[in-house]
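Remarks on the structure that follows.
The values are calculated or read from the model by the stated rules, or taken from the named source; none is laboratory data. Owing to the predicted nature of the structure, the values given are computational and were not obtained by experimental measurement. So basically every Cβ, Gly included, is an ideal-geometry build from the backbone, and we count neighbours across all protein chains shown.
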Amino acid sequence: MSLIFKEQEKANNFPERLKKLMDNCSFNDFAKKTGLTRATLNNYANNLTSPTLEKLAIIADAMGTTVEWLASGELPDENMVTVYQYDLRVSAGNGALVEHENPVAEFRFSADWLRQQGLHGKKLSIVPVMGDSMEPSLYDGDLILVRHEEVRDGLCVIRIDNDVLVKRVQYDYAEGKYLISSDNERYKDIELSKDFKGDFQIIGQVVRVLQRVRQAA
C-alpha cells in the first residue's frame, strides 16, 4: 500500500506532458482535436491554470492516453487499485459538520490484497476519525477504510442530519428501529425509530483501520 498526497501531485509537470502530447501540433489544431479553446490550452501549457478532471478526461480521450498519465506522469498499474481519502471529518464524538467532501490524498492497494479481503471491485473510501466516543476501538486521527454498500449493522459511518459519525449500528427488525452505540461508555446510546423525521443514512461499513495514532492500553 502506498500513499500519494495531492500536494505532491501538483509538483508534477503537467505543462511538459501536455506539450509532449501536442508534439508539433499547433494550439489551433490541438484545440480542434480536443474541443477545448486555444486560450484554455495555452493557459495549461504555460502553467497559468490547471485542468479539472473533466478537462483531463477530454484531452485523454481525444489523444488516446490516460487521465492518470496526464495528471501524474504515471501509467496505470493493473495490479494496483486507487482508493481516495476524503477531507470530511468522520466524528467519533458528538458529530462534525461536513462542509467539503473532496479527495485530499490517495492510497494504492494491491489488487491481490483486496481480493483476499473480499474488497476487490467494491466502492471504497478512506476517512479520518474525530473524537473519542469509539475508544478504545478507534482513536481521534485514525484513518479508516470504508466499504460503501447497503448494510444495516456493524461498525459503520453514518449521517444523521448534518453530522457524520462512526458508531456501532444494530437494527431491530421487530421494532423497525436503529440502536446506535459508542464503545466509550461515557457516551449515551441513540435510538432512531421509524418515526424519526430527520435525515439518516448509513454511508458505509468500516472494514479496516489503516493508520492508528496510538495503541489501545
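A few comments on the model shown:
- Scanning the stretch 155-180 for residues being under 24 Å from Tyr86 (Cα atoms) and touching a strand residue (DSSP E or B) at 6+ places or on another chain (Cβ under 7 Å) gives a total of 15.
- Pick from the stretch 201-215, criterion charged (D, E, K, R) and surrounded by 12 or more Cβ atoms within 10 Å (Cβ to Cβ), ranking: nearest to Arg152 (Cα to Cα): Arg208
- If the condition is being among the charged types (D, E, K, R) and under 11 Å from Val209 (Cβ atoms), then the stretch 126-144 contributes only Asp142.
Here's the yes/no breakdown for (1) surrounded by 16 or more Cβ atoms within 10 Å (Cβ to Cβ); (2) not hydrophobic (A, V, I, L, M, F, W, C):
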position	(1), (2)
Gly93	yes, yes
Ile144	yes, no
Cys156	yes, no
Ser193	no, yes
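- Gly198 at positive phi and surrounded by fewer than 17 Cβ atoms within 10 Å (Cβ to Cβ): no
- Checking Val213, Val209 one by one, the residue that is out of contact with any strand residue (DSSP E or B) (no Cβ under 7 Å at 6 or more places or on another chain) and under 27 Å from Tyr84 (Cβ atoms) is Val213 and no other.
- A search for C-beta distances below 7 Å between a residue of the stretch 50-72 that is closer than 16 Å to Lys19 by Cβ and any residue that is surrounded by 15 or more Cβ atoms within 10 Å (Cβ to Cβ) and at pLDDT below 80, counting only pairs 6+ apart in sequence or on different chains, returns Leu56/Val67; Leu56/Ala71; Ala60/Thr66; Ala60/Val67; Ala71/Glu9.
- Yes/no for Gly131 being assigned by TED's automatic domain parsing to the domain that holds Val90, in contact with a helix residue (DSSP H, G or I) (Cβ under 9 Å, 6 or more places away or on another chain) and closer than 30 Å to Val81 by Cα: no
- Condition check for Ser137: within 26 Å of Lys194 (Cβ to Cβ), in a loop (DSSP other than H, G, I, E, B) and modelled with pLDDT of 90 or more: no
- Meets criteria (closer than 18 Å to Ser91 by Cα, touching a residue at least 60 places away in the same chain (Cβ under 8 Å), over 15 Å from the mean Cα position of the chain (by Cα) and buried (at least 17 other Cβ atoms within 10 Å of the Cβ)) for Ile160: yes
- Criterion: under 28 Å from the mean Cα position of the chain (by Cα), modelled with pLDDT of 85 or more and more than 30 Å from Leu210 (Cα to Cα) - qualifying residue of Leu36, Leu41, Leu48, Leu21: Leu48
- Scan of the stretch 117-131 for residues that are assigned to a loop (DSSP other than H, G, I, E, B) and either aromatic (Phe, Trp, Tyr) or over 13 Å from Val90 (Cβ atoms) (or both), ordered by number: Gln117, Gly118, Leu119, His120, Gly121, Lys122, Lys123
- Selection status of Val166, assigned to a loop (DSSP other than H, G, I, E, B), under 14 Å from Val207 (Cβ atoms) and among the β-branched types (Val, Ile, Thr): no
- When Ile126, Ile180, Ile144 are checked against the criterion of being without any contact (Cβ under 8 Å) to a residue 24 or more places away in the chain and not small (Gly, Ala, Ser), a single residue qualifies: Ile180.
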